[in-house]
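The values are calculated or read from the model by the stated rules, or taken from the named source; none is laboratory data. Everything numeric here is computed off the predicted structure, so don't read it as measured data. In this analysis, Cβ positions are derived from the backbone assuming ideal geometry, glycine residues included, and neighbour counts consider all displayed protein chains.
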Amino acid sequence: MDKKTVLICDDSLLMRKKLREALNPFNFEAFYEAANGVAAVEQAEKYKPSLVFLDIVMPEKDGIEALKEIKAISPETKVVMVSSVGTSSKLKEALKHGAYDFIQKPIQSDTLASIVEKALKEG
Amino acid sequence: MFSQYFGHYLLNRGLITNEQLQDVLEFQEKVHVKFGVIAVDKGLMTPSQVEEVHEKQKQMDKRFGEIAVELGYLTEEQVEELISHQKQGHLYLAQALIDRGYMSMEEFSSALNEYKKEYSLSTEDFEEIQSGNIETLVENILTKGHEDIREKFGSYISLFAKNMIRFIDRQTFLEISENLQQAKWLASQEILGSPSLFTAIAAEDEALLYIASKYAEENLTEIDELAKDAFCEFLNLHNGIYLVNMSNWGTELSMNPQKLEENVKVSGEFVTITVKTQKGTFHLLLSANPEKVEVQ
């Protein structure tokens, strides 16, 4: 399997830290981080990560806008939305714009693991 | 949670001292048996099933029993039976007060009756509160005499009390208080839509570190970026769950990113709820008119 890279985008330092710790066992080749939607799009364009974890409520540019732009720049990138606002309308909106999956905060490690495993298996 | 309320009632009536209250609440914390523990003890659930329900409870505003039934681990009848084991929370409080010689059985019983009378609690309401129904507690006790606050913020405050218990401190006590005028740390977040809301939590260093440590599940001892972030993130998570609840009730809302400010004065149209935890007090600020709240 090709080496995989991951971009974590959340305005919360705590959430980025927790996600990174939870993703450590998956041996990603590189981790990139962004604290808002604008930085996430820039990083996605630069590194074309295999997987992106994207918060929805963020300053500068929200996660749904960032999702649209990331999918336009890098269609192969799988974008997993991570938010406390797991309403069905947000979920539908994210899926409509190409989100791969949706994780409700606080993150459960087994949910995260099954999504990462599925994404990595599909390549 | 009822013990906190009845305990404060005894304190306010001068029937026990603050030290005695802290002492019995600590004792109660030690002897409290969680719902899941009773379920395992009775052989109805496995520890991993209990753990799964606890994890789900952090993401959705549902009670242990409801989730356990949805997952097929318990039947409605089993939940009822387990609840009846939990309803006796005030007995632990009575036991502790009497064992330590702070009150006699008669004094306790008469104070409890006075309390029920003062809050016009029916036997049904009292049983609901005993079994941990936070909505009934907020409606009948916390917002008694504050109908306007109950109407505007009742569901928000109930959820906040539940999230405090789930994420921070099971011994949380909330009461409506005089408006806060200044804050060392103020984490605020605006909820947009109809109804829009200004929401904020205000704390001094000690309470910020306590909330941050509990929420991050790490021992944070300095007010650094991580501690400040964890404090804000607790508000953000709570508001996210509130939006999910509102959406389930047919109202779609959104929210702005949360922000943290230091040494600010707060004025305008809002209400203040004092939140007492085992390690310090902080405040919840709410307004149905965000444009009428001034933070300087």
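What to note about this one:
- A search for C-beta distances below 8 Å between a residue of region B:225-246 that is free of Cβ contacts under 8 Å to residues at least 40 places away in the same chain and any residue that is β-branched (Val, Ile, Thr) and part of a helix (DSSP H, G or I), counting only pairs 6+ apart in sequence or on different chains, returns B:230/B:211.
- For the residues B:158, B:109, B:120, the requirement of being outside any loop (DSSP other than H, G, I, E, B), over 28 Å from residue B:268 (Cβ atoms) and out of contact with any Cys (no Cβ under 7 Å at 6 or more places or on another chain) singles out B:109.
- Residues located in region B:215-226, provided they are surrounded by 18 or more Cβ atoms within 10 Å (Cβ to Cβ) and more than 9 Å from every other protein chain (Cβ to nearest Cβ): B:220
- Hits in region B:262-277 (condition: closer than 23 Å to residue B:206 by Cα and surrounded by fewer than 16 Cβ atoms within 10 Å (Cβ to Cβ)): B:262, B:263, B:265, B:274
- Qualifying residue in region B:281-291 (condition: surrounded by fewer than 17 Cβ atoms within 10 Å (Cβ to Cβ), farther than 29 Å from residue A:86 by Cα, under 24 Å from the mean Cα position of the chain (by Cα) and touching a residue at least 40 places away in the same chain (Cβ under 8 Å)): yes
- Among (1) in contact with a strand residue (DSSP E or B) (Cβ under 9 Å, 6 or more places away or on another chain); (2) more than 14 Å from chain A (Cβ to nearest Cβ) - the single one residue B:59 does not satisfy: (2)
- For region B:123-137, the candidate set comprises residues that are crowded, with 19+ Cβ neighbours inside 10 Å and either touching a Phe, Trp or Tyr at 6+ places or on another chain (Cβ under 7 Å) or touching a residue at least 24 places away in the same chain (Cβ under 8 Å) (or both); within that set, the residue that is farthest from residue B:173 (Cα to Cα) is B:131.
- Residue B:252 passes every criterion in (1) within 14 Å of residue A:90 (Cβ to Cβ); (2) more than 9 Å from chain A (Cβ to nearest Cβ) apart from (2).
- Condition check for residue A:107: within 12 Å of chain B (Cβ to nearest Cβ), within 30 Å of residue B:252 (Cα to Cα) and not small (Gly, Ala, Ser): yes
- Top-ranked residue of region B:229-243 - restricted to ones that are over 20 Å from residue B:56 (Cβ atoms) and out of contact with any helix residue (DSSP H, G or I) (no Cβ under 8 Å at 6 or more places or on another chain), ranked as farthest from the other protein chains (Cβ to nearest Cβ): B:235
- Matching strands (runs of 3 or more DSSP E) fully within region A:14-104 where at least 1 residues are touching a Ser or Thr at 6+ places or on another chain (Cβ under 9 Å) and β-branched (Val, Ile, Thr): A:51-55, A:101-104
- Taken over region B:170-183, the criterion of being in a loop (DSSP other than H, G, I, E, B) and surrounded by 18 or more Cβ atoms within 10 Å (Cβ to Cβ) is satisfied by B:171, B:172, B:180.
- When region A:1-19 is limited to residues that are away from every other protein chain (no Cβ under 13 Å) and of a type in the set (Lys, Arg), the one that is surrounded by the fewest Cβ atoms within 10 Å (Cβ to Cβ) turns out to be A:3.
- Neighbours by Cβ (under 8 Å, 6+ apart or cross-chain): first from region B:138-167, free of Cβ contacts under 8 Å to residues at least 24 places away in the same chain; second aromatic (Phe, Trp, Tyr) and in a loop (DSSP other than H, G, I, E, B): B:140/B:119
- Filtering region A:102-122 to residues that are of a type in the set (Ser, Thr, Tyr) and within 19 Å of residue A:10 (Cα to Cα) leaves A:109, A:111.
- Filtered residues of region B:189-214 (kept if more than 14 Å from chain A (Cβ to nearest Cβ) and more than 21 Å from residue B:274 (Cβ to Cβ)): B:194, B:195, B:196
- Residue in region A:28-47 that is under 29 Å from residue B:56 (Cβ atoms), surrounded by fewer than 17 Cβ atoms within 10 Å (Cβ to Cβ) and free of Cβ contacts under 8 Å to residues at least 40 places away in the same chain present: yes
- Of the residues A:85, A:80, the single one that is surrounded by 19 or more Cβ atoms within 10 Å (Cβ to Cβ) and more than 14 Å from chain B (Cβ to nearest Cβ) is A:80.
- So residue B:200, is it in contact with a Ser or Thr (Cβ under 6 Å, 6 or more places away or on another chain) and either within 29 Å of residue B:34 (Cβ to Cβ) or surrounded by 21 or more Cβ atoms within 10 Å (Cβ to Cβ) (or both): yes
- Count of region B:158-182 residues, restricted to those that are modelled with pLDDT of 90 or more, of a type in the set (A, V, I, L, M) and closer than 18 Å to residue B:136 by Cβ, is 5.
- Members of region B:158-178 that are in contact with a Gly (Cβ under 9 Å, 6 or more places away or on another chain) and either of a type in the set (D, E, K, R) or under 12 Å from residue B:283 (Cβ atoms) (or both): B:176
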